[in-house]
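Provided herewith is a single structure, encoded as structure tokens, for subsequent inquiry.
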Amino acid sequence: MRGPVLPTIHSVAPADLPALFVYLDDHLQDNGRGATPLFQPMARAESRWATDKRAAFAIGLGAEVGAPGWRRAWIALDADGAICGHVDLRARPERASGHRCLLGMGVHRDCRRQGLGERLIAAALAWARTQESLDWVDLEVLSSNLPARRLYERCGFTFAGELPDLFRIDGEQHGYVYMTQHI
């Protein structure tokens with residue numbers, strides 16, 4: 001008897017972008033809805049993948065690591081080829097922070113709590129460790145998003161600080177927790 005087929009993880013190629021953008025738009029619609037915590041600092045009604053981000057995402061994939069705006073991304077595909085999770089590493093916006101990058105990720109609503117988030121993060125960290133210019137992977141997470149914070153802790157990220165009441169979203173105050181991992 002065989003167990004369920006695990007999603008496969010591969011790096012994002014330009015041909016993957018149209019499907020990835022559809023997935024990201026669908027994923028963002030879960031932001032703060034139902035039992036899902038707010039995971040992006042945006043109003044629930046505005047939680048969509050902005051079309052103006054598409055070009056920057058595509059350009060970032062083609063940029064060399066260390067160049068402003070660089071980005072690398074991975075997607076998890078189920079047995080039918082549907083995207084069920086994503087992770088990306090991207091340049092920090094500060095000019096003197098080329099030795100650090102930012103991690104962002106998400107898992108499709110039907111695939112959560114199955115270990116996929118840990119696998120995606122592991123894939124991104126494994127790649128980051130091959131980059132001589134990178135020493136740290138950072139992330140930012142809404143303070144109230146406890147499931148994500150626990151996931152990041154399990155993956156080796158440590159608390160680096162919190163900025164309380166950074167966002168006012170839908171009439172609620174939200175802080176930002178900063179986490180990091182030396183690679």
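The values are calculated or read from the model by the stated rules, or taken from the named source; none is laboratory data. Since the structure is predicted, the reported quantities are computational estimates derived from the model, not experimental observations. With ideal geometry, Cβ positions are generated from the backbone for all residues, glycine too; neighbour counts draw on all protein chains shown. Each accessible area value is taken on the protein alone, full model and side chains, heavy atoms only, with ligands, DNA and RNA left out. Shrake-Rupley method; radii C 1.70, N 1.55, O 1.52, S 1.80 Å.
What residue, of ALA56, ALA73, ALA79, ALA45, is among the hydrophobic types (A, V, I, L, M, F, W, C), open to solvent by 40 Å² or more (accessible area, probe 1.4 Å) and closer than 24 Å to PRO7 by Cβ? Spell out how you get there, then give the answer.
Values: ALA56 fails: closer than 24 Å to PRO7 by Cβ; ALA73 fails: open to solvent by 40 Å² or more (accessible area, probe 1.4 Å); ALA45 fails: closer than 24 Å to PRO7 by Cβ.
Answer to the check: ALA79.
Here's something else I'd like to know. List the number of the failed condition for GLY66; all other conditions in (1) small (Gly, Ala, Ser); (2) open to solvent by 40 Å² or more (accessible area, probe 1.4 Å); (3) assigned to a helix (DSSP H, G or I) hold.
Of (1) small (Gly, Ala, Ser); (2) open to solvent by 40 Å² or more (accessible area, probe 1.4 Å); (3) assigned to a helix (DSSP H, G or I), only one is false for GLY66: (3).
Could you say whether any residue in the stretch 8-29 is in contact with a helix residue (DSSP H, G or I) (Cβ under 7 Å, 6 or more places away or on another chain), in contact (Cβ under 8 Å) with a residue 24 or more places away in the chain, open to solvent by less than 40 Å² (accessible area, probe 1.4 Å) and not aromatic (Phe, Trp, Tyr)?
The answer is yes, given that some residue of the stretch 8-29 is in contact with a helix residue (DSSP H, G or I) (Cβ under 7 Å, 6 or more places away or on another chain), in contact (Cβ under 8 Å) with a residue 24 or more places away in the chain, open to solvent by less than 40 Å² (accessible area, probe 1.4 Å) and not aromatic (Phe, Trp, Tyr).
When GLN114 is evaluated against the numbered criteria (1) modelled with pLDDT of 95 or more; (2) within 30 Å of ASP80 (Cα to Cα), which criterion, by number, is the only one it fails?
(1)
Continuing with the same structure: Any chance the stretch 82-92 includes a residue that's more than 17 Å from HIS27 (Cα to Cα), not charged (D, E, K, R) and not in a loop (DSSP other than H, G, I, E, B)? First the steps, then the outcome.
Step one: of the stretch 82-92, the residues more than 17 Å from HIS27 (Cα to Cα) are 89-92.
Narrowing further to those that are not charged (D, E, K, R): 89, 91.
With not in a loop (DSSP other than H, G, I, E, B) added as a condition, the list becomes 89, 91.
For the stretch 82-92, residues more than 17 Å from HIS27 (Cα to Cα), not charged (D, E, K, R) and not in a loop (DSSP other than H, G, I, E, B): present.
Quick test for you: out of LEU61, LEU38, pick the one residue that is in a helix (DSSP H, G or I), open to solvent by less than 40 Å² (accessible area, probe 1.4 Å) and either modelled with pLDDT of 95 or more or closer than 28 Å to ASP110 by Cβ (or both). Walk me through it before giving the result.
On the way: LEU38 fails: in a helix (DSSP H, G or I).
On inspection, the qualifying residue turns out to be LEU61.
Are any residues in the stretch 92-104 surrounded by fewer than 21 Cβ atoms within 10 Å (Cβ to Cβ) and of a type outside the set (S, T, N, Q), and if so, which ones?
Filtering the stretch 92-104 for residues surrounded by fewer than 21 Cβ atoms within 10 Å (Cβ to Cβ) gives 92-100, 102, 104.
Selection gives ARG92, PRO93, GLU94, ARG95, ALA96, GLY98, HIS99, ARG100, LEU102, GLY104.
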